[in-house]
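One structure is given here, and the rest of the page talks about it.
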Amino acid sequence: MKATPLSMRRTLVPIAALIAVLAVPAGAGAYTLGVSDQQAQTFTNPLFAPLKIKSARYITPYDVMESPADKAALDQWVTAARAAHQKILISFEHSHRGSRAKTLPSVAAYTKEIKKFKKAYPFVKNISPWNEVNRKIFFTPGTGYQGQPTWNSPKRVAQYYMAARKAFPGKTIVGIDILDENNVNRTIKYLRSFLRYAKPTPKVIGFHNYSDTNRFSVTRTKRVLATFPGKVWLPETGGIVKLGTSFPYSLSRASNALGCMFTLAKTNSRIQALFVYQFNPAADPQTARFDAGLVNPDGTARPGYDVVKSRKARACHK
């Protein structure tokens with residue numbers, strides 16, 4: 001409705017207050033929007049193209065070339081991503097071959113495996129040496145190992161980063177890929193330790209700021225930006241539809257969190273990329289432990305889909 005002069009005077013103060021809340025600090029710049037999703041069919045889903053996303057991330061074991069099942073899944077995903085003209089970011093993680101998942105490979109073994117990957121996929125320009133390095137590893141019957149064996153080994157993570165730099169010269173290496181956690185102090189301690197060992201200092205690090213995004217906060221992201229002076233990517237972030245008992249099933253909360261995600265990405269010009277995790281939902285969202293999909297199992301769009309499509313930011317407060 002078009003405002004009259006009188007109504008404009010009445011709304012002047014509230015509008016000014018809203019602008020103050022949503023204002024982006026001077027110097028904040030543009031960022032690349034991507035998607036992190038493990039399913040190849042993401043790129044052929046009719047709802048994907050309207051999002052106008054041109055960067056995609058995939059997580060694969062560091063020894064993927066020795067695992068036929070993982071290699072087949074990677075090939076299928078890469079083929080679909082390239083057909084959709086995506087710029088690819090690959091994040092390595094623990095082995096998927098039984099008990100090897102809980103074991104840290106030697107630097108020599110790690111280097112040998114990622115060089116095999118490079119030979120098979122020379123067109124991949126962006127590499128993350130290890131996914132969510134600080135997430136404690138645990139075993140769940142029926143699911144397997146979750147988390148990473150790197151969770152208490154920042155020195156080894158720095159060694160993997162340095163090995164990746166040598167194996168992929170001229171490529172973008174996301175030095176560390178770290179999870180924020182509700183208590184960010186542990187994250188900061190891990191990051192500082194990594195930086196002491198990582199030579200040279202990475203130009204880019206990755207930070208998964210789920211806790212800020214879904215708790216409508218900015219404090220954890222600011223702490224990481226204060227600790228690391230270089231460029232920061234958000235390789236995994238997004239609106240959680242459901243996570244155990246911490247985040248009961250809620251499409252509206254997830255949608256609002258996605259709005260906060262965009263605000264967080266605009267708070268600092270050093271945040272140069274974010275990858276929404278994820279496009280696809282859990283098969284049964286009501287019973288699944290985790291779901292952060294933008295679409296429903298029946299293929300329809302969730303409210304969060306429209307937030308991502310419009311890049312609609314909202315204030316990070318409940």
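The values are calculated or read from the model by the stated rules, or taken from the named source; none is laboratory data. The model shown is predicted, which means the values in this text are computed figures rather than measured ones. Ideal geometry is used to build each Cβ from the backbone, glycine not excepted, and the neighbour counts take in all protein chains shown. Accessible surface is based on the protein model in full, side chains and every heavy atom, while ligands, DNA and RNA are left aside. Shrake-Rupley method; radii C 1.70, N 1.55, O 1.52, S 1.80 Å.
Values computed for the structure shown
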quantity	calculated
Cβ-based net charge around A254, under 9 Å, with every Lys or Arg adding one and every Asp or Glu removing one	+2
Accessible surface of the chain [probe 1.4 Å, protein heavy atoms]: carbon and sulfur percent	56 percent
Centroid-to-centroid separation of the range 202-230 and the range 26-68 [C-alpha atoms, Å]	20 Å
Packing-based ranking, highest mean first, of 37-43, 90-96, 245-251 given that Cβ atoms within 10 Å are counted	90-96, 37-43, 245-251
Dipole magnitude (debye, nearest 20) for the range 172-249, charges at Cβ of Lys, Arg, Asp, Glu	340 debye
Projected-area average for the range 253-318 over all orientations - Cα convex hull basis, square nanometres	4.9 nm²
At least 15 Å along the helix axis (C-alpha) and Kyte average at least -0.5, DSSP helices within the chain	5-22, 68-83, 184-197, 251-265
Charge dipole of the range 174-286 about the Cα centre (unit charges at C-beta), most positive-ward option of L274, A257, Y190	Y190
Rounded FRET efficiency, nearest 0.05, which uses the C-beta distance separating D298 from A109 and R0 of 45 Å	0.55
Most to least packed among 125-135, 265-275, 68-78 [average Cβ atoms within 10 Å]	125-135, 265-275, 68-78
Too-long pairs where the Cα-Cα distance tops 32 Å, listed order kept, from K52/K231; K118/K155; K136/K312; K116/K312; K102/K242; K112/K242	K136/K312; K116/K312; K112/K242
